[in-house]
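J.: Sending over a structure as structure tokens; questions will come in a sec.
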Amino acid sequence: QMVYQKGRVFSSENVSVKKGHALTFVNDDSIPHNLMSATKGSEFNLGSQAPGMSTDVTFKEAGDIQVICAIHPRMKMMVKVTD
């Protein structure tokens with residue numbers, strides 16, 4: 001399942017994924033993004049993701065996970081991880 005970043009927004013504001021499965025975050029923008037989650041138990045920080053790069057994130061815990069861009073705080077999405 002792919003999530004794109006273009007025009008400083010995510011392609012989906014809400015995504016569901018099964019526990020143990022991955023989302024692929026693709027930077028289709030012309031600028032870097034830094035995707036991260038500060039949700040307890042599901043923290044990750046991809047660091048600077050250059051344009052054209054894609055990164056897989058596997059979600060190991062069920063729950064609602066807020067994903068943001070550390071560079072562009074108005075970029076927000078919710079990942080719902082189900083059992």
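The values are calculated or read from the model by the stated rules, or taken from the named source; none is laboratory data. Everything numeric in this text was worked out from a predicted model, so none of it was measured. Note that each Cβ is placed from the backbone with ideal geometry, even for glycine, and that neighbours are counted across all protein chains shown. Surface areas here come from the heavy atoms of the whole protein model, side chains and all, with no ligands, DNA or RNA. Shrake-Rupley method; radii C 1.70, N 1.55, O 1.52, S 1.80 Å.
J.: How big is the chain in terms of Cα radius of gyration and Dmax, in angstroms?
T.: Answer for the chain, Rg first and Dmax second: 11.6, 36 Å.
J.: Relative contact order, percent, of the chain when contacts are C-alpha pairs under 8 Å separated by at least 6 residues?
T.: Here the relative contact order equals 35 percent.
J.: If you don't mind, another one. Given K19/K80; K6/K40; K18/K76; K19/K76; K19/K40, which pairs have Cα atoms separated by over 18 Å?
T.: Details: K19/K80 9 Å; K6/K40 27 Å; K18/K76 20 Å; K19/K76 21 Å; K19/K40 16 Å.
Pairs exceeding the cut-off: K6/K40; K18/K76; K19/K76.
J.: At 1.4 Å probe radius, can you tell me the per residue accessible area of the chain in Å²?
T.: That works out to 57 Å² per residue.
J.: Okay, next question. For the chain, which trypsin sites (Lys or Arg not before Pro) are both in a DSSP coil and crowded by at most 16 other Cβ atoms within 10 Å?
T.: Of the trypsin sites (Lys or Arg not before Pro), the ones in loops of the chain whose Cβ has at most 16 other Cβ atoms within 10 Å are R8, K19, K40, K60, R74.
J.: Can you give me the % of accessible surface on the chain that is carbon or sulfur? Probe 1.4 Å, all protein chains present, nothing else counted. Let's see the in-between values first.
T.: Numbers: 2390 of 4730 Å².
Here carbon and sulfur together make up 51 percent of the probe-accessible area.
J.: Let me ask something else. Kindly identify segment 1-48 as rounded, prolate or oblate by the Cα gyration tensor criterion: order the square roots of the eigenvalues as a ≥ b ≥ c, call it rounded if a/c is under 1.5, otherwise compare a/b with b/c, prolate if a/b is larger, else oblate. Provide the component values of the computation, followed by the final result.
T.: Working: a/c = 2.10, a/b = 1.36, b/c = 1.54.
Oblate is the answer for segment 1-48, as a/c is 1.5 or above yet b/c matches or exceeds a/b.
J.: Another one. All other residues with a Cβ under 15 Å from the Cβ of R8 taken together, and with Lys, Arg as +1 and Asp, Glu as -1, what is their net charge?
T.: Net of charged neighbours comes to 0.
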